[in-house]
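In what follows, a structure is listed as structure tokens, so that the remarks can point back to it.
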Amino acid sequence: GQIDILTMLHKSGLVPSKSEARRAVEQGGVAVDGEKVTDTYKPYTAEDFDGEGIVIKKGKKHFVKDYKN
């Protein structure tokens with residue numbers, strides 16, 4: 001299926017909770033593959049992870065590269 005940005009941030013370990021993930025997105029501190037995320041419910045599908053995966057960035061220094069499992 002799908003996974004939303006809040007769950008992705010929490011499961012990747014970039015934030016300790018979904019509420020912290022929501023704050024980060026609402027304050028403009030989250031980007032996926034270089035594009036700022038502003039929608040807290042933006043869904044990502046398995047196809048989004050195809051190829052080289054995606055890079056999730058929180059703030060300037062915290063990022064993780066996720067792959068399809």
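The values are calculated or read from the model by the stated rules, or taken from the named source; none is laboratory data. Since we're looking at a predicted model, the values are computed, not measured. Backbone-built Cβ (ideal geometry, glycine too); neighbour counts: all protein chains shown.
Within segment 1-23, can you find the residues that are over 12 Å from VAL64 (Cα atoms), more than 10 Å from the chain's Cα centre (by Cα) and in contact (Cβ under 8 Å) with a residue 24 or more places away in the chain?
Of the residues in segment 1-23, the ones over 12 Å from VAL64 (Cα atoms) are 1-7, 16-23.
Checking the rest, the ones that are also more than 10 Å from the chain's Cα centre (by Cα) come to 1-2, 16-20, 22-23.
GLY1, GLN2 - these are the residues of segment 1-23 that are over 12 Å from VAL64 (Cα atoms), more than 10 Å from the chain's Cα centre (by Cα) and in contact (Cβ under 8 Å) with a residue 24 or more places away in the chain.
Looking at segment 1-46 only, could you name the residues that are small (Gly, Ala, Ser) and surrounded by fewer than 15 Cβ atoms within 10 Å (Cβ to Cβ)? Lay out the reasoning, then the answer.
Within segment 1-46, the first condition is being small (Gly, Ala, Ser), and the residues that meet it are 1, 12-13, 17, 19, 21, 24, 28-29, 31, 34, 46.
Within segment 1-46, GLY1, GLY13, SER17, SER19, GLY28, GLY34, ALA46 meet the criteria.
So the check is Cβ under 7 Å with 6+ separation or different chains; which pairs have a first residue in segment 31-57 that's assigned to a loop (DSSP other than H, G, I, E, B) and a second one that's aromatic (Phe, Trp, Tyr)?
That search, which allows pairs on different chains as well, returns GLY53/TYR67.
When the residues of segment 36-69 are filtered to those that are within 17 Å of ALA21 (Cβ to Cβ) and of a type in the set (Asp, Glu), which remaining residue is modelled with the highest pLDDT?
ASP39
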